[in-house]
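Peer 1: Shown below is the structure under consideration.
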Amino acid sequence: MKSIKIACFLFICSIIFTVSVFAKSPVWKISKDGNHLFLGGTIHLLTQSDYPLPGAFETAYENAVILVLETDLKALETPEFQQALIQNSIYKDGQTILDYLEPETIQRLETHLADRGIPMEQIKNLKPGMLSVMLSVVELQRLGLMGTGVDEYFNTKAVDEKKQTLHLETVYQQLEFLSKMGKGNENNFIQYTLNDLKDLPRLFESMKKAWRTGDLARLKKTALDPWKDRFPRIYHSLLVERNRNWIPRIEAMINTKEIELILFGALHLVGEDGILKQLEERGYTIENQ
């Protein structure tokens, strides 16, 4: 489960219109024609020191009758999905990630793995997306930065309170995104991952500070722009395509009398392709909470 969650955090975690200037939390109220719902930008991994969450989350949750998450977190734990995860994350027919990396990148990877006590044999069959996720998870664990994120916190709360829960996409759709990540650009992708690992604590803390206050401009600069510039195909598949797929579902929810709280990675809110910008262009009123 945490493998997919960290993938969402790293690759899927400003708005260039006035709401971003005055933002004070990661939660927005979206309304039109007397109906409304709440959107919450999340960080998928947090530590105990990050709690309590910004109060706007709890207020929105208490006012909502339906909680909507990116995907079904319980389904991530099923044996069927774990088997599919393995099958879609590794090379077959004798291929390995080493076949796609330049000698300098292989040397950097070997050095990093040796420093972490991880044998190359253990990871060489992983496709670039899963390898990047694994390296990041190991580093976050080593730094003590792995913990319950916003999505998991409210999912557990909703289960305990028997609140209705819906999902924007299936776990198998998320797996498809992960399995294709970095394909065709393996060497640069792994180089970029290794570079990011060096600065992971600072980057992680910077992102969390921006997230807590709804500072989407800072999130855009810190986490979104580098990916958009270096890996436009990943940016398009992980953010642009998914945002477009979600917009009709979000609009349908706004047009119901029930109040929903929709939670997804904060980077889905950010920039010209972000959910907030698209809803603003469709005439919805957007208020930071």
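The values are calculated or read from the model by the stated rules, or taken from the named source; none is laboratory data. All values derive from a computational prediction rather than experimental measurement. Methodologically, a virtual Cβ is constructed for each residue, glycine included, from the backbone with ideal geometry; neighbour enumeration extends over all protein chains shown.
Peer 1: Looking for whichever is acidic (D, E) and closer than 30 Å to P248 by Cβ here; the options are E139, E110, E152. Which one fits?
Peer 2: The conditions single out E152.
Peer 1: Could you please find all residues in the stretch 196-224 being of a type outside the set (S, T, N, Q) and not in a helix (DSSP H, G or I)? Please lay out each step first, then the result.
Peer 2: Narrowing the stretch 196-224 to residues of a type outside the set (S, T, N, Q): 196-205, 207-212, 214-221, 223-224.
Correct list: D199, G214, D215.
Peer 1: If you don't mind, there's one more thing I want to ask. For G144, indicate whether it is of a type in the set (G, A, S), part of a helix (DSSP H, G or I) and under 23 Å from the mean Cα position of the chain (by Cα). Walk me through how you get there before you give the answer.
Peer 2: Working: of a type in the set (G, A, S): yes; part of a helix (DSSP H, G or I): no; under 23 Å from the mean Cα position of the chain (by Cα): yes.
For G144, the condition - of a type in the set (G, A, S), part of a helix (DSSP H, G or I) and under 23 Å from the mean Cα position of the chain (by Cα) - is not met.
Peer 1: Output the residue which, of all residues in the stretch 117-140 that are in contact with a helix residue (DSSP H, G or I) (Cβ under 9 Å, 6 or more places away or on another chain) and exposed (fewer than 13 other Cβ atoms within 10 Å of the Cβ), is farthest from H44 (Cα to Cα).
Peer 2: By that ranking, first place goes to P119.
Peer 1: Answer yes or no: is there a residue in the stretch 98-121 that is farther than 24 Å from R233 by Cα and of a type in the set (F, W, Y).
Peer 2: Within the stretch 98-121, none of the residues are farther than 24 Å from R233 by Cα and of a type in the set (F, W, Y).
Each row is one residue, and each column tells you yes or no for (1) closer than 19 Å to L145 by Cα; (2) surrounded by 15 or more Cβ atoms within 10 Å (Cβ to Cβ); (3) modelled with pLDDT of 95 or more.
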residue: C13; (1), (2), (3): yes, yes, no
residue: V19; (1), (2), (3): no, yes, no
residue: L39; (1), (2), (3): no, yes, yes
residue: L46; (1), (2), (3): yes, yes, no
residue: D50; (1), (2), (3): yes, yes, no
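Peer 1: Quick one: how many residues across the stretch 170-190 are farther than 30 Å from R108 by Cα and either assigned to a strand (DSSP E or B) or touching a Phe, Trp or Tyr at 6+ places or on another chain (Cβ under 8 Å) (or both)? Walk me through it before giving the result.
Peer 2: Keep residues of the stretch 170-190 that are farther than 30 Å from R108 by Cα, which gives 170-173.
The next check asks that each one be either assigned to a strand (DSSP E or B) or touching a Phe, Trp or Tyr at 6+ places or on another chain (Cβ under 8 Å) (or both); those that pass are 171-172.
Within the stretch 170-190, residues that are farther than 30 Å from R108 by Cα and either assigned to a strand (DSSP E or B) or touching a Phe, Trp or Tyr at 6+ places or on another chain (Cβ under 8 Å) (or both) number 2.
Peer 1: Only one of these is under 26 Å from M134 (Cα atoms) and in contact with a strand residue (DSSP E or B) (Cβ under 9 Å, 6 or more places away or on another chain): G182, G265. Name it.
Peer 2: None of the other options fit; the residue is G265.
Peer 1: Also, I was wondering about something else. With the structure loaded, tell me whether L216 is touching a strand residue (DSSP E or B) at 6+ places or on another chain (Cβ under 6 Å), under 27 Å from L39 (Cβ atoms) and not acidic (D, E) or whether it fails that test.
Peer 2: no
Peer 1: Which residue out of E102, E186 is surrounded by fewer than 14 Cβ atoms within 10 Å (Cβ to Cβ), touching a helix residue (DSSP H, G or I) at 6+ places or on another chain (Cβ under 9 Å) and at pLDDT 95 or above?
Peer 2: E102
Peer 1: Could you check the stretch 248-271 and list, in sequence order, the residues that are at pLDDT 95 or above, over 13 Å from the mean Cα position of the chain (by Cα) and surrounded by 14 or more Cβ atoms within 10 Å (Cβ to Cβ)?
Peer 2: Across the stretch 248-271, the qualifying residues are R249, I250, E251, M253, I254, I259, E260, L261, I262.
Peer 1: Filter the stretch 66-104 down to the residues that are farther than 16 Å from E176 by Cα and in a helix (DSSP H, G or I), then identify the one that is nearest to the chain's Cα centre (by Cα).
Peer 2: E77
Peer 1: Looking only at the stretch 26-40, how many residues end up being more than 17 Å from G274 (Cα to Cα) and not in a strand (DSSP E or B)?
Peer 2: 2
Peer 1: Here is a further query. Could you go through the stretch 74-84 and let me know if any residue there is surrounded by 14 or more Cβ atoms within 10 Å (Cβ to Cβ) and in contact with a strand residue (DSSP E or B) (Cβ under 6 Å, 6 or more places away or on another chain).
Peer 2: Taking the stretch 74-84 first, the residues surrounded by 14 or more Cβ atoms within 10 Å (Cβ to Cβ) are 75-76, 81, 84.
Going one step further and asking which of them are in contact with a strand residue (DSSP E or B) (Cβ under 6 Å, 6 or more places away or on another chain), we end up with none.
No, the conditions are met nowhere in the stretch 74-84.
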